[in-house]
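Below is one structure; the comments refer to it alone.
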Amino acid sequence: MRSESGEQIILSNADILKSRVRNNGRAPELRTLATIRVAYGTPVEKLKAIPNLLESIVREHEQARFDRCHLKMLGDSSLLYELAYFVRQPSINPLLDLQQAVNFRILDAFKELGVEFAYPAQMVVLERRDPIPRE
């Protein structure tokens, strides 16, 4: 067998029989999953438009098959959308080329729509107290 980086991996038959072996080269398509973090404070009408927007972006690509897109979670510092789609050419370069093309389109579309990506953040509130009075 060969690893993704190209080195040869040698296994005994007993090890192979005990293991689950996946041959992605024989898969008709590969799935990609993307988590997109959107800033809290984004107007609800824009939030509701995001799943359809992302679906249309994926469908622009002939080699892609859209699966789903949902607002999955109200996270600690962002709203998390999950986007899933397939590439119909089951090898890594077409998958990465498609992901890159979709990501660039998402960047452009969010800029046009006025939607901001969220960055991991945490707010710390410090209580100010008066200094201890001196005598």
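Computed values, structure above
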| quantity | calculated |
| --- | --- |
| Test: residue in segment 9-29 that is open to solvent by 100 Å² or more (accessible area, probe 1.4 Å), part of a strand (DSSP E or B) and either at pLDDT below 95 or out of contact with any strand residue (DSSP E or B) (no Cβ under 8 Å at 6 or more places or on another chain) (or both) | no |
| Selection count, segment 36-64, where residues are open to solvent by 80 Å² or more (accessible area, probe 1.4 Å) and either under 12 Å from Ile106 (Cβ atoms) or in a strand (DSSP E or B) (or both) | 2 |
| Single condition Ala64 does not satisfy, out of (1) closer than 16 Å to Gly114 by Cβ; (2) free of Cβ contacts under 8 Å to residues at least 40 places away in the same chain; (3) of a type in the set (A, V, I, L, M, F, W, C); (4) touching a Leu at 6+ places or on another chain (Cβ under 9 Å) | (1) |
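The values are calculated or read from the model by the stated rules, or taken from the named source; none is laboratory data. Just so it is clear, the structure is predicted and the values come from calculations on it, not from any experiment. Because the Cβ atoms are built from the backbone with ideal geometry, glycine has one as well, and the counts that use them run over all protein chains shown. For accessibility, only protein heavy atoms count, side chains too; no ligands or nucleic acids. Shrake-Rupley method; radii C 1.70, N 1.55, O 1.52, S 1.80 Å.
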